[in-house]
Structure formats: structure tokens, C-alpha cells
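Here is the structure we will look at, set down as C-alpha cells.
The values are calculated or read from the model by the stated rules, or taken from the named source; none is laboratory data. Here the structure is a predicted model, which is why all the values come from computation and not from measurement. When we count neighbours, we look across all protein chains shown, and the Cβ atoms used for this are built from the backbone with ideal geometry, even at glycine.
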Amino acid sequence: MKHQTPYAIWKKLLFFPVIAIGMAIFVFLVKASEGPQQLPYLEPVQAVRVIEVPEIDVIPRALAYGNVQPGTVWEAVAEVSGKVVERHAQLKKGAMLKGGEQLLRIDPTDYELAKAQAEANLQTIQAQLNELKVKESNTRVSLKIEQQVLKVAKKELNRLRKLLRRNAVSQNSADQQERIMLAQNQQVQSLQNNLNLIPTQRQLLNAQRKSAEIQLESAKLNIKRTLIILPFDGRIAEVNVEKKQFAQQGQVLVIADSIDIAEVDAQIAIQRFRHLLQHSSEGNAKVDLNNLPKRFALSSTVRLQAGDFKVEWPARFVRASDTVDPQTRTIGIVVAVDNPYRQAIPGIRPPLIKNMFVEVELRGKARQASLIIPRSALHLQQVYLVNQDNRLEKRQVETDFFQTDFVVIKNGLKKGEQLIVSDLIPAIEGMLLKPVIDSAILETLLNAAQGKGNLK
């Protein structure tokens, strides 16, 4: 057994008093402490942003997209053949030319010769008609004379026949006079036949004259057709012929676009277009598609956006397409912008150029006294409200139609109710809320309903 030093024995003896003192302190603290206190329960309150449901006249809007096209596209088709002998100095693609300016001229020599030939033929026929007129007059005079001679011959024959019965003249004299009368009768008949043929001859000559007049007019028309004149102020889109080249009849020589009107053929979703056509008091009356702008107070704006650059043109609704695109389920609409080039301002407003891709905003007649809410406040056909006890109420609503930033409510809400517009997670029916009015969201909502700002 190992021998312990006096220091080690003393160290062990000191350990037991320390333990005893610790236990005494623990017992004292336990006896001195009080029991657990029960605090009153405080229900948690969730702060939420709210707006009072507004009632306002809503302007329904919809966006469509399409390409700009000129109101009129003119194709100069060669109506006659020939060599191009004149060409406008500015006749080039993209050039702006005035209406009435001569663009091209085809060699008119052949057609001028045809005109001269037709005029000569007409003069010849007219001379023949004049000759026939004189001939008719002379024939009538000759016929009248010969008829008088025939009348005298008949009287002489009758006189000789009376004398023959009294044997005062010979039979030979009577027979000779009869032969004279028959010859004279034949002469009268011949003149009458000639006179009868004159109307037919005149009819033939008149027909020939009509044909010659047609040939003359055709020749004159062909001479005019050798001139290619721009019918309106336009922009040249295509030139397919050069000077001294041969132009074939039927060839498209020049294509020009009008600059007085620019049209946008755009596509719009059927459901969006339907919201613009508010039900009228006319009930189930048939809708004339050509009268849509007037009946439903449709207006439109064409907008070009490229980055930070944005420019707008006032437009007018022209017509709607008669078919629906089977792939996109969209309907075509056409809006027109008047004088797009005159409205151009260098560096600020460009002209509406063909095939430019633009946005079309359509506006319908204002829907009176409509209840609206932000789209973000609609949760699967439900809205979250703060009731009179400041507790969450979930309510089913019926929507009328949607816009980009808001929804028009048909049933389920009343004006002035407190609508929750902030995200509420979790949303437990009956939970206690602290509503805070969000004036900024309300102002944005009212501006969108009144058609202020751009749809996205």
C-alpha cells in the first residue's frame, strides 16, 4: 500500500466541506423561489395594406399588334407594248413623287400610225356616205322624170289602141308603142330598185364608219396608254424597267404606295375584342361590322415603341375581318392613320413606313359605375376583405372582364369595402388584421380604369 503524504490527506478533507456548502445553497434557493406565473394571452395581429373598393366609369381597352401597310397600292401595268423612250429622273425606289407626274413613256409611233390610218378610213367612209346621199337625191329626181315619161307612154298606148279599134292606125304602130311603154316601165323599176338599195348601202357604210371610229378611239386610247402617270401622291416601292428597254403588255412596270393613309392590319384576341363591344339597348339586333366604330364608340391609337423611344398616332377604326385565324384564334382588325407623312417630325416622329411593326390600342365605350380591384387582389375567384371586426373574410366574386392591371367585378363586392391588396401568408379565415390604407395602389388603379398609361 502506497504511503500518503500529509498534504494529500489534507486535500481530501477539504473536498467534503465544499460539497456540503453547495448543497446548502441549492436547498435555500429552492425554498425561496416562487411558483410559475400565468400571463394573459395576446392574439397576434397581422398588418395588411388595403383599399376601399372604388366604383368608377371604366374605359375598356385592348391591345393588338400588326404591320403597317399603305392605304392604296398602285401597280402600273403596261397596257401596250413598246420601247420605253422617257423615264422620270426621280423614278427610283423610295422616291416621293407628286400625283399627276409622268413616270414613263412608251414609244407611241405605232399607235399614232394606227390613229392616222383610222382617221383616213373614217374620211373615206364619210366621203362614200356623202356620195351615197347625192346618188340617192339624183336617183329620186331621175325616178320622178322616168315616171312622168312612163305616164305619157301609157297615155299614148291607150290612144293608139282606141284608134286601132277604129282601124285608124296599124297594129304595128300599137305594138311598137307598147314596147316603148314596157321599156320605160323597166327603166322606172330599175331606178326604184337602186333607190331601195340605198338604205342598205347606207347602213353598211354607217357600220363601217362606226368600226373606223372605234379603231380611231382605240388608237387614241393606246396613245394615252403609252404615258404612265402617277395617280396620287405616292412613294415608289418598285421599278421594273429602264429607259430604252422593251415593255411587254401586261408587265408590271412600277409599284407605288399612297402616302395619304396608312393602314395597320392587326390581330386581336377574340375575348379582348368582345369586352370592347358593350351590350346596347338594341338587344339582339344584328351587328353591321362596318358600323362598329359608331355603334360601340370605338377609338384607336397606333403606337411605335423601340426601347426608350415611343411615339403615337391617332387612328380610326376602319373595319373588322370576316374570319378568325384558326391557329391563333384571333380576329383581324384594320385601323387607319391619316396623313402619316405630313405628321412626321425629323428626329421626333417618323413616318409610318410599310411593314413597320406597331402596337394598336383600342378603346371602347366607358362602362358606367363599375367596381374594380387590382388583379393581384383576386385569388382563384376569391378576394380577401377586412370586415367590421378587423378580421379576415374570404369572399367568392363573379368577374365581368379582365384588364392588364385590374379586374371588373360583376357580383360579390360592394363599394367602399376594405379590400386587402398585400400578400397575406397564411390567409386564415377570421384572423385578426390591422388595415393600412394604400393610397398609391388606389391611385394607380383609378388611373388604369380611366385609360391613363399604356397597357402592357
Within the set of pairs 6+ apart or on separate chains, which have a first residue in the stretch 237-250 that is over 15 Å from P108 (Cβ atoms), a second that is in a loop (DSSP other than H, G, I, E, B) and basic (K, R), and C-beta atoms under 9 Å apart? A237/K93; A237/K354; E238/K93; V239/K92; V239/K93
Select from the stretch 361-395 the residues that are surrounded by fewer than 18 Cβ atoms within 10 Å (Cβ to Cβ), in a helix (DSSP H, G or I) and touching a residue at least 40 places away in the same chain (Cβ under 8 Å) and list them in ascending order. S376
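Let's see how each residue does on (1) outside any loop (DSSP other than H, G, I, E, B); (2) farther than 30 Å from L103 by Cα; (3) of a type in the set (K, R):
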{"site": "N167", "(1), (2), (3)": "no, yes, no"}
{"site": "Q189", "(1), (2), (3)": "yes, yes, no"}
{"site": "N193", "(1), (2), (3)": "yes, yes, no"}
{"site": "L205", "(1), (2), (3)": "yes, yes, no"}
{"site": "E238", "(1), (2), (3)": "yes, no, no"}
{"site": "G250", "(1), (2), (3)": "no, no, no"}
{"site": "I255", "(1), (2), (3)": "yes, no, no"}
Residue that is touching a residue at least 40 places away in the same chain (Cβ under 8 Å) and acidic (D, E), where the choices are E178, E156, E146: E146
If you take the residues in the stretch 33-60 that are polar (S, T, N, Q) and exposed (fewer than 10 other Cβ atoms within 10 Å of the Cβ), which one is modelled with the lowest pLDDT? S33
Kindly list the number of the only condition in (1) of a type in the set (A, V, I, L, M, F, W, C); (2) closer than 26 Å to F402 by Cβ; (3) at pLDDT below 60 that fails for A285. (2)
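I'm checking my understanding of the structure. Among residues of the stretch 319-359 that are small (G, A, S) and more than 20 Å from D260 (Cα to Cα), which one is surrounded by the fewest Cβ atoms within 10 Å (Cβ to Cβ)? Please lay out each step first, then the result.
Of the stretch 319-359, the ones small (G, A, S) are 320-321, 332, 336, 344, 347.
Still in the running and more than 20 Å from D260 (Cα to Cα): 320-321, 332, 347.
On the way: A320: 17, S321: 16, G332: 17, G347: 5.
Step by step, filter the stretch 319-359, then rank; the result is G347.
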Just one of D338, D325 is under 27 Å from L276 (Cβ atoms) and modelled with pLDDT under 85; which is it? D325
